[in-house]
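Peer 1: For reference, the structure I am asking about is given below.
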Amino acid sequence: AVKSLSSFEYQISSENGDLRLLKEFLAEKKSFMLSLFENTNLLEHDTFTDMLWALFHIADELESRDNLNALPESDLEHLSGDIKRACQLLFIEWVYYMKHLKKEYPFLFSLAVRKSPFNENRSVIIR
């Protein structure tokens, strides 16, 4: 799964989403993300740290712009690249997290799989 996610060609465009909502969401989560940087155990995981930095970079890029509705095409392309990078790293970390849960906490893994954002038929109800 990690190999597939690493080589996948993500089709993400900053023009198709609401950059203002993304900016607000990341700003809302900023203190939580900062607290993750304080955890030395998490910082030892290079891929996780790379993902955090990618998310912080997007937050900083969006915070640095006054009007997200009037950006030139070049800026939108730049933001799309930043979002693609963060999504790819986030998806890969999710796979690593699921692998960890499956091995160490199968009861948590079961619920996480049923709630997976990648499962179109997700349901917490066991069938």
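The values are calculated or read from the model by the stated rules, or taken from the named source; none is laboratory data. Model, not experiment: these values are computed from the prediction. Cβ coordinates were reconstructed from backbone atoms using ideal geometry, including for glycine residues, and neighbour counts include every protein chain displayed. Ligands, DNA and RNA are excluded from the accessible area calculation, which covers all protein heavy atoms including side chains. Shrake-Rupley method; radii C 1.70, N 1.55, O 1.52, S 1.80 Å.
Peer 1: Run the simple label-point estimate for Phe25 and Leu90 please: 7 Å along Cα→C-beta, distance reported in nm.
Peer 2: Placing both labels 7 Å beyond Cα along the Cβ direction yields 0.5 nm.
Peer 1: Taking Cα pairs under 8 Å and at least six residues apart, what relative contact order does the chain come out at, in percent?
Peer 2: Values: 76 pairs, mean separation 38.4, N = 127.
Dividing the mean separation by the residue count of the chain yields 30 percent.
Peer 1: Charges only on Cβ, +1 for Lys and Arg, -1 for Asp and Glu: so what's the dipole of the chain about the Cα centre, in debye to the nearest 20? Mind dumping the intermediate values first?
Peer 2: Working: 15 positive and 20 negative charges, 204 e Å.
That gives the chain a dipole magnitude of about 980 debye.
Peer 1: Across the chain, how many lysine pairs separated by 8 or more positions, or lying on different chains, have Cα atoms within less than 17 Å?
Peer 2: Lysine pairs meeting the criterion: 5.
Peer 1: Along the positive direction of the dipole of the chain (beta-carbon charges: Lys, Arg +1; Asp, Glu -1; about the Cα centre), which of Ile12, Leu108, Leu34 reaches farthest?
Peer 2: Selected residue: Leu108.
Peer 1: Using +1 on the beta carbon of Lys and Arg, -1 on that of Asp and Glu, and nothing else charged, what's the dipole of segment 5-52 about the Cα centre, debye to 20?
Peer 2: 200 debye
Peer 1: Right, here's the next one. Keeping every protein chain in place, order Val95, Val124 by accessible area at 1.4 Å, biggest value first, i.e. largest first.
Peer 2: Val124, Val95
Peer 1: Treating the beta-carbon of each Lys and Arg as +1 and of each Asp and Glu as -1, no other charges, what is the dipole magnitude of segment 47-110 about its Cα centre, to the nearest 20 debye? Present the calculation step by step, with values, prior to reporting the outcome.
Peer 2: Details: 6 positive and 11 negative charges, 124 e Å.
Dipole magnitude for segment 47-110 comes out near 600 debye.
Peer 1: Tell me the accessible surface of Ile125 in square angstrom (1.4 angstrom probe, heavy atoms of protein chains only), to the nearest ten.
Peer 2: Ignoring ligands and nucleic acids, Ile125 comes out at about 100 Å².
Peer 1: With angles folded into 0 to 90 degrees, how steeply does helix 73-104 sit against the dominant principal axis of the chain? Use alpha carbons for both and round to 10.
Peer 2: 10 degrees
Peer 1: Sticking with this one: Tally up the carbon and sulfur contribution to the accessible surface of the chain as a whole percent, 1.4 Å probe, everything protein left in place.
Peer 2: Using a 1.4 Å probe with all protein chains present, the chain comes out at 55 percent carbon and sulfur.
Peer 1: Which distance in nm do the two modelled labels at Phe32 and Asn69 give, with both placed 7 Å along the Cα-to-Cβ direction?
Peer 2: 2.8 nm
Peer 1: Show log10 I(q)/I(0) for the chain at q = 0.10, 0.15, 0.19, 0.20 Å⁻¹, two decimals, from a solvent-free Debye sum over equal Cα scatterers.
Peer 2: -0.39, -0.86, -1.21, -1.27
Peer 1: Keeping all protein chains in the complex and leaving out DNA, RNA and ligands, what accessible area do you get for Glu73 with a 1.4 Å probe, in Å² to the nearest 10?
Peer 2: Surface open to solvent at Glu73 totals about 90 Å².
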